[in-house]
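Below: the structure, in structure tokens.
The values are calculated or read from the model by the stated rules, or taken from the named source; none is laboratory data. Bear in mind that the values here come from a model prediction, so they are computed numbers and not experimental data. All Cβ positions, glycine included, derive from the backbone under ideal geometry; neighbour counts span all protein chains shown. Heavy atoms of the whole protein, side chains included, go into the accessibility calculation; ligands, DNA and RNA do not. Shrake-Rupley method; radii C 1.70, N 1.55, O 1.52, S 1.80 Å.
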Amino acid sequence: MVSEGASVELRSVSRRFRAGGEDVWAVREVSLSVGPGEFLALVGRSGSGKTTLLNLIAGLDRPTSGEVLVDGARVDRMSDRELDRLRRGTIGFIFQSFGLLPLLSARENVELPLRIAGVGYRERQKRVDEALAFVGLRKRAEHRPYELSGGEQQRVAIARALAARPRLILADEPTGELDSATASTVFGLLRDLARMEGITIITCTHDRLVMEMAGRVEELADGRLVTEGRREVLERTLARERSPFAAARAAPPGEAPTGSGLSSLIGADYAQFRRPGSAGGPRGEPDRQPQGNDGAKP
Ligand SMILES: Nc1ncnc2c1ncn2[C@@H]1O[C@H](COP(=O)(O)OP(=O)(O)OP(=O)(O)O)[C@@H](O)[C@H]1O
């Protein structure tokens, strides 16, 4: 695998808000290292600081103290112009509410950020086609969001993030509005991006399924990272919840149970797709056809 992902490092990061005359410590003394191509799920109860942490990594917010680094560069010290460049060139965002413009087709939604970034017409068309193919929606390119299921809309949002060729994807509850079968398809795509394309993925979620699919899980409680020493507890909790993913993880290496796991869910041949510029792999492959029940409309 060609690793093209960005690295992320937080050094003793805290963020305090002042609300109603009170101090609220949304994030407290968090230190965390995420390597290129890692798929990290940030979990924790509502209000534990997950979104604040994503915002700090993206430079959408600045820490009260501590250091935030992306690829070794201090995000917390960047000027607005540097932050703009970082967000356009390195980071892709995926939100719970998809964030698609309702009057634009899937294609136009994916294309818009590229237009804004000044990418030329031919290059735009190429990237849009490739991104829509990656999420299995090339045939739905002319559909508007209301003509697509929730899962399809989120896949368009992933395509939009991908078209900008990010090296880091930050996803805030990307499956919060999806049923669990659709959520697994969407997370399957994100896991693919980490595994096959080397993109670093950090997602926050309440979804236990994600914990099984993510390469790594870190838990926040009251703004603090509390996972250290608790990984095994989490693993045991997850193993008790029966699902194909738990079964797949429990299987010895090289013996993934037939009919379980990501490939059976989305019917994808991972080896078929490579992001342009990554090693090997043909371009312009036919659309992937997800087989899971993602509520697709006819
Ligand atoms: N702009 C703000 N002003 C004041 N307090 C804030 C602000 N943003 C977040 N907080 C507080 O910081 C804490 C962490 O919020 P955050 O949104 O990061 O949590 P979360 O884990 O993402 O929650 P959820 O899972 O519900 O989205 C909460 O107590 C929240 O009320």
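Which residues, taken from the range 28-63, are open to solvent by less than 60 Å² (accessible area, probe 1.4 Å), away from the ligand (no atom under 12 Å from the Cβ) and without any contact (Cβ under 8 Å) to a residue 60 or more places away in the chain?
Those that are open to solvent by less than 60 Å² (accessible area, probe 1.4 Å), away from the ligand (no atom under 12 Å from the Cβ) and without any contact (Cβ under 8 Å) to a residue 60 or more places away in the chain: GLY59, PRO63.
Mind listing whichever residues of the range 94-111 are modelled with pLDDT of 90 or more and open to solvent by less than 60 Å² (accessible area, probe 1.4 Å)?
Within the range 94-111, LEU100, LEU104, SER105, ALA106, ARG107, ASN109, VAL110, GLU111 meet the criteria.
Please enumerate the residues belonging to the range 6-21 that are within 9 Å of the ligand (Cβ to nearest atom), of a type outside the set (Lys, Arg) and at pLDDT below 95.
Once the filter is applied, which keeps residues that are within 9 Å of the ligand (Cβ to nearest atom), of a type outside the set (Lys, Arg) and at pLDDT below 95, the range 6-21 yields ALA19, GLY20.
Considering each residue of the range 171-182, count those that are assigned to a loop (DSSP other than H, G, I, E, B) and either closer than 30 Å to VAL119 by Cα or in contact with a Phe, Trp or Tyr (Cβ under 7 Å, 6 or more places away or on another chain) (or both), and give that number. Walk me through it before giving the result.
Here is the first cut: in the range 171-182, the residues assigned to a loop (DSSP other than H, G, I, E, B) are 173-179.
Next cut, either closer than 30 Å to VAL119 by Cα or in contact with a Phe, Trp or Tyr (Cβ under 7 Å, 6 or more places away or on another chain) (or both) only: 173-175.
Summing the residues that are assigned to a loop (DSSP other than H, G, I, E, B) and either closer than 30 Å to VAL119 by Cα or in contact with a Phe, Trp or Tyr (Cβ under 7 Å, 6 or more places away or on another chain) (or both) in the range 171-182 gives 3.
Give ARG208, ARG216, ARG167 a once-over and let me know the one that is touching a Gly at 6+ places or on another chain (Cβ under 8 Å) and surrounded by fewer than 24 Cβ atoms within 10 Å (Cβ to Cβ). Even if it seems obvious, please write down each step before you answer.
Working: ARG208 fails: touching a Gly at 6+ places or on another chain (Cβ under 8 Å); ARG216 fails: touching a Gly at 6+ places or on another chain (Cβ under 8 Å).
The conditions single out ARG167.
Answer yes or no: is there a residue in the range 187-204 that is open to solvent by 10 Å² or more (accessible area, probe 1.4 Å) and within 19 Å of ARG88 (Cα to Cα). Please lay out each step first, then the result.
From the range 187-204, those open to solvent by 10 Å² or more (accessible area, probe 1.4 Å) are 191, 195-196; that's our starting set.
Add one more test, that the residue is within 19 Å of ARG88 (Cα to Cα), and what stays is none.
No: the range 187-204 contains no residue that is open to solvent by 10 Å² or more (accessible area, probe 1.4 Å) and within 19 Å of ARG88 (Cα to Cα).
Yes or no, residue by residue, for (1) within 20 Å of ASN109 (Cα to Cα); (2) part of a strand (DSSP E or B):
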position: ALA159; (1), (2): yes, no
position: ILE169; (1), (2): yes, yes
position: SER184; (1), (2): no, no
position: LEU190; (1), (2): yes, no
position: THR203; (1), (2): no, yes
position: MET211; (1), (2): no, no
position: LEU220; (1), (2): no, yes
position: THR227; (1), (2): no, no
